[in-house]
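In what follows, a single structure is set out as structure tokens and then discussed.
Just so it is clear, none of the values below were taken in a lab; they were calculated from the coordinates. In this text, all values refer to a predicted model and were calculated from it rather than measured experimentally. Cβ coordinates were reconstructed from backbone atoms using ideal geometry, including for glycine residues, and neighbour counts include every protein chain displayed.
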Amino acid sequence: MAMEAEATTPQLALADTDINWDRLDKTRFHIIGAILFTAQSALLHPTMVIKTRMQVAGSGLYHMQGMSVFTQILKNDGIPGIFRGFGTSAIGSLPGRVLALTSLEMSKDIMLKHTEGVNMPEATRVGLANAVAGMFSNLVSCVYFVPLDVICQRLMVQGLPGTTYCHGPFDIIRKVIKAEGFRGLYRGFGLTAVTQSPASALWWGSYGAAQHIIWRSLGYKDDAEKKPSHMEMVTVQATAGMVAGACSSVITTPIDTVKTRLQVMDDYGVGRPSVLKTTKTLLKEDGWWGFYRGFGPRFLNMSLYGTTMIVTYELIKRLSAQPSLRSFA
């Protein structure tokens with residue numbers, strides 16, 4: 001295709017659907033990304049509030065269905081209740097998103113260049129590049145997002161038993177640092193980095209491979225004149241994202257439950273909360289099923305997130321492609 005001939009870097013299958021780092025207008029990429037991802041986060045934030053509250057011990061919400069929890073929050077706190085912590089999350093996430101998106105795209109581009117010409121199936125190569133990029137991006141962004149996660153989740157569970165009441169995000173920072181020092185903002189960092197990075201690698205790897213396989217099964221190839229429509233792009237990318245998000249939620253919910261409680265609970269007796277202490281307490285309270293507290297909302301959140309995030313992300317990349325390389329107006 002003429003457009004592909006203009007590209008300065010080797011293109012993968014269906015270059016219109018896989019726009020790499022070299023083809024992006026970086027400023028446009030980050031500005032559009034900030035706007036669209038903030039809008040997406042606003043739509044999904046209520047499911048995160050519900051999930052977090054169901055995972056906290058003593059909340060009285062564990063045995064309730066997600067919709068019942070949603071109704072109760074609305075009844076007690078109104079609309080602001082289901083958006084607790086959103087302002088802090090939205091504003092605080094902006095620098096983190098720049099860090100995460102840049103590291104994701106740059107590391108994927110490096111992997112694709114280093115594996116070019118290697119004797120392996122193209123789907124495997126695409127999946128491997130996406131997996132490495134997902135893991136690296138997650139490790140880098142954890143340094144920024146874990147403290148933000150601690151702050152936002154504490155805002156979400158204000159007033160529940162076992163939590164410390166705070167007047168806004170800065171009060172949370174002050175009280176956490178006063179009680180535990182700076183490391184208190186990094187509660188759950190090791191657990192997050194060690195477990196979520198492989199999960200991120202799994203998500204991005206399966207998404208990249210699945211999308212490649214789906215396009216091939218539909219008969220699209222690099223050298224073919226046939227090009228996918230907007231609707232086909234959205235459908236294929238949304239399907240791959242939904243599957244990746246749903247699978248990831250099943251694997252990561254137990255870890256997320258432990259991490260959430262570790263980050264928000266303050267009444268674990270003597271000593272600083274730890275992964276082992278939190279895990280033992282959860283087992284004692286509810287048995288193994290306790291690790292799947294909030295699974296329904298989390299499953300919904302990650303499935304919807306996987307779908308909307310990847311559709312939004314791919315749209316951002318298409319809108320940010322350099323003018324001479326942009327395939328769609």
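A few comments on the model shown:
- Out of ARG84, ARG53, ARG125, one residue alone is farther than 28 Å from PHE170 by Cα, over 15 Å from the mean Cα position of the chain (by Cα) and charged (D, E, K, R). It is ARG125.
- From the options ILE82, ILE32, ILE110, residue that is more than 21 Å from ASN301 (Cβ to Cβ) and either of a type in the set (Phe, Trp, Tyr) or in contact with a Leu (Cβ under 7 Å, 6 or more places away or on another chain) (or both): ILE32
- Pair list, Cβ under 6 Å, 6 or more apart: segment 117-132 residue closer than 14 Å to GLU105 by Cα, other residue among the aromatic types (Phe, Trp, Tyr) and assigned to a helix (DSSP H, G or I): ASN130/TRP204; ALA131/TRP204
- Selection status of GLU105, of a type in the set (Asp, Glu), in contact (Cβ under 8 Å) with a residue 12 or more places away in the chain and out of contact with any Ser or Thr (no Cβ under 9 Å at 6 or more places or on another chain): no
- All positions within segment 161-214 that are buried (at least 16 other Cβ atoms within 10 Å of the Cβ) and among the charged types (D, E, K, R): LYS175, ARG187
- Criterion (within 23 Å of PHE299 (Cβ to Cβ), of a type in the set (A, V, I, L, M) and outside any helix (DSSP H, G or I)) met by exactly one of LEU191, LEU160: LEU160
- As for segment 103-113, it holds at least one residue that is closer than 21 Å to ILE316 by Cα, crowded, with 16+ Cβ neighbours inside 10 Å and within 14 Å of the chain's Cα centre (by Cα).
- Residues satisfying the stated conditions in segment 105-145, i.e. of a type in the set (Asp, Glu) and in a helix (DSSP H, G or I): GLU105, ASP109, GLU122
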